[in-house]
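Asker: Shown below is the structure under consideration.
The values are calculated or read from the model by the stated rules, or taken from the named source; none is laboratory data. Here the structure is a predicted model, which is why all the values come from computation and not from measurement. Please note: Cβ atoms are built from the backbone with ideal geometry, for glycine as well, and neighbour counts cover all protein chains shown. SASA here: full protein model, heavy atoms, side chains in, ligands and nucleic acids out. Shrake-Rupley method; radii C 1.70, N 1.55, O 1.52, S 1.80 Å.
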Amino acid sequence: MTESLTVRDNRTGVEYDIPITDGTIRAADLGKIKANEDNPGLAVYDPGFVNTASCRSSVTYIDGDKGVLEYRGYPIEQLAEKSNFLEVSYLLVHGDLPTKEEYDAWVHEITYHTFVHENIKEFMQGFRYDAHPMGMLMASVGAMSTFYPDAANISDPDNRRLQIIRLIAKMPTLGAWAFRHAQGKPYVYPDNDLSYTGNFLSMLFKMSESKYAPDERIAKALDTLFILHADHEQNASANAVRSVGSTQVDPYSSVAAGVGALFGPLHGGANEAVLRMLRRIGKVENIPAFIEGVKAGNERLMGFGHRVYKNYDPRAKLIKQQAYNVFEVTGTNPLLDIAQELEKIALEDEYFVSRKLYPNVDFYSGLIYEALEFPPEMFTVLFAIGRTPGWLSQWLELVQDKEQKIARPKQIYTGERGLTFVPRDVRWA
Ligand code: ACO
């Protein structure tokens with residue numbers, strides 16, 4: 001089989017042979033197709049990059065039809081069951097699993113970079129009492145570039161590694177402080193005797209006790225949720241990190257862009273919408289009428305469907321299991337019964353089956369977060385902490401990829417040309 005595409009330009013009658021590599025053609029090859037010498041060459045128009053590969057990546061593999069998700073080749077199910085978030089972070093960032101020495105050093109370094117400069121605390125305290133924690137997180141991550149100007153030296157591997165460690169270590173501190181801020185509670189300093197998630201819980205919930213004792217089952221559930229959110233290849237926020245990172249700016253500025261992208265309701269905010277929907281349904285008896293409304297096109301079944309997965313989102317399955325573990329500690333969330341019944345009915349219904357609509361990562365995660373007493377605004381902050389190693393792995397791959405250039409798409413210009421400017425005093429006379 002010839003791995004090429006023959007294109008005939010009917011404007012000129014010229015035929016072009018375009019090589020196909022890894023199921024793609026190079027857009028630059030299309031640029032060679034010109035109606036005449038002055039013509040800029042053929043380009044592709046792809047709003048939302050629906051069918052455009054922006055990079056070569058070895059971080060995360062997804063097969064949406066089969067419901068497969070792998071980090072560096074390891075199935076998400078195995079990582080969620082047998083690994084932990086810091087080991088998965090190591091795997092994502094380095095590409096391989098750590099030896100015992102590498103793992104111990106990694107955990108030690110991340111544990112001892114959890115503190116932030118006191119000035120960061122001070123400026124976070126300057127936010128309004130009702131500031132959205134994602135806005136606070138985005139601003140404080142970006143501001144960290146001013147505390148670590150050495151981070152601008154992105155060509156030095158040791159320097160890159162230090163910033164990666166700092167970011168993974170400090171995100172829970174910033175996220176927890178954004179949470180405490182909204183509650184008017186004092187910020188809690190990191191406790192480096194605790195695990196990554198144990199320390200996070202301490203910074204979130206510790207009050208007057210001299211030492212916070214996290215519930216290990218909750219810490220484990222949170223750890224698993226972080227693993228499940230750690231990367232998802234070229235999603236909107238990873239693309240934002242790469243796009244900003246392509247200017248060779250420091251990683252704090254790039255990750256702040258990722259936080260901004262994740263803030264949007266089309267990306268990180270769907271789990272909140274699921275909770276609102278379940279609350280509105282109210283009781284199991286109301287489900288059939290609700291489903292009829294969805295089928296009639298009145299609204300969407302939130303937490304169902306995905307651009308890439310046309311099968312059960314593997315993360316949804318694992319999150320559902322974690323929900324049971326959390327509810328053992330917190331007591332069940334009454335909305336769980338509605339969610340389960342809704343899922344059962346939807347998975348048997350021809351409308352959902354024929355459209356390949358299955359629960360996605362957001363269907364059950366909001367229920368867990370709510371049981372853990374997080375307000376909805378915090379859901380996306382949790383997502384951001386989990387996604388940080390993924391963003392950094394994508395960033396690291398980008399800065400080492402010789403083929404990458406500053407991200408600068410083309411446009412199809414639709415405006416006026418060559419107008420003559422008339423000054424205000426003449427225009428308004
Ligand atoms: N409920 C009911 N019908 C749906 C749903 C849904 N949740 N999702 C898709 N459909 C239907 C559409 O109406 C359409 O039907 P039609 O062919 O009769 O017109 C068909 O399924 C295909 O839908 P599209 O909108 O073309 O699918 P797309 O891939 O563009 O959308 C999306 C994916 C945005 C996730 C969509 O499924 C959705 O809106 N789901 C609900 C919101 C949600 O849960 N988002 C979280 C996604 S996970 C994440 O971002 C972390």
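Asker: Criterion first (more than 26 Å from Tyr129 (Cβ to Cβ), open to solvent by 10 Å² or more (accessible area, probe 1.4 Å), touching a residue at least 40 places away in the same chain (Cβ under 8 Å) and not in a loop (DSSP other than H, G, I, E, B)) does Ser254 satisfy it?
Answerer: no
To keep it simple, each residue is scored yes or no on (1) open to solvent by 30 Å² or more (accessible area, probe 1.4 Å); (2) of a type in the set (S, T, N, Q).
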residue	(1), (2)
Phe200	no, no
Phe205	yes, no
Lys211	yes, no
Arg217	yes, no
Asp231	no, no
Asn235	no, yes
Ala240	no, no
Ser243	yes, yes
Gln248	yes, yes
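Asker: Tell me the residue from Ala339, Ala384, Ala323 that is modelled with pLDDT under 95, under 26 Å from Ile62 (Cβ atoms), of a type in the set (A, V, I, L, M) and within 16 Å of the ligand (Cβ to nearest atom), please.
Answerer: Ala339
Asker: Is it the case that Val361 is within 11 Å of the ligand (Cβ to nearest atom) and either of a type in the set (D, E, K, R) or closer than 22 Å to Arg217 by Cβ (or both)?
Answerer: Criteria met by Val361.
Asker: When you scan the range 267-276, do you find a residue that is of a type in the set (Asp, Glu), surrounded by fewer than 13 Cβ atoms within 10 Å (Cβ to Cβ) and either in a helix (DSSP H, G or I) or more than 8 Å from the ligand (Cβ to nearest atom) (or both), even just one?
Answerer: Checked against the condition, which is being of a type in the set (Asp, Glu), surrounded by fewer than 13 Cβ atoms within 10 Å (Cβ to Cβ) and either in a helix (DSSP H, G or I) or more than 8 Å from the ligand (Cβ to nearest atom) (or both), the range 267-276 yields no hits at all.
Asker: Out of (1) over 21 Å from Gly390 (Cα atoms); (2) touching a Gly at 6+ places or on another chain (Cβ under 9 Å); (3) β-branched (Val, Ile, Thr), what's the single condition that is false for Val255?
Answerer: Result: Val255 fails condition (1) only.
Asker: Next question. Could you tell me how many of the residues in the range 81-102 are within 30 Å of Lys405 (Cα to Cα), out of contact with any strand residue (DSSP E or B) (no Cβ under 9 Å at 6 or more places or on another chain) and surrounded by 12 or more Cβ atoms within 10 Å (Cβ to Cβ)?
Answerer: Adding up the residues that qualify gives 5.
Asker: Listed residues Gly303, Gly293; which is under 17 Å from Tyr358 (Cα atoms) and within 15 Å of the ligand (Cβ to nearest atom)?
Answerer: Of the residues listed, the single one that is under 17 Å from Tyr358 (Cα atoms) and within 15 Å of the ligand (Cβ to nearest atom) is Gly303.
Asker: For the range 87-123, which positions are assigned to a loop (DSSP other than H, G, I, E, B), touching a helix residue (DSSP H, G or I) at 6+ places or on another chain (Cβ under 6 Å) and under 15 Å from Glu70 (Cα atoms)?
Answerer: Leu97
Asker: Identify the residue in the range 257-266 that is assigned to a helix (DSSP H, G or I) and of a type in the set (A, V, I, L, M) and, among all such residues, is farthest from His232 (Cα to Cα).
Answerer: Looking at residues that are assigned to a helix (DSSP H, G or I) and of a type in the set (A, V, I, L, M), I get Ala257.
Asker: Since Met144 meets every condition but one in (1) of a type outside the set (Phe, Trp, Tyr); (2) outside any helix (DSSP H, G or I); (3) touching a Phe, Trp or Tyr at 6+ places or on another chain (Cβ under 6 Å), which condition does it not meet?
Answerer: (2)
Asker: Taking only the range 387-421 into account, find how many residues are among the basic types (Lys, Arg) and either within 16 Å of the ligand (Cβ to nearest atom) or touching a helix residue (DSSP H, G or I) at 6+ places or on another chain (Cβ under 7 Å) (or both).
Answerer: 1
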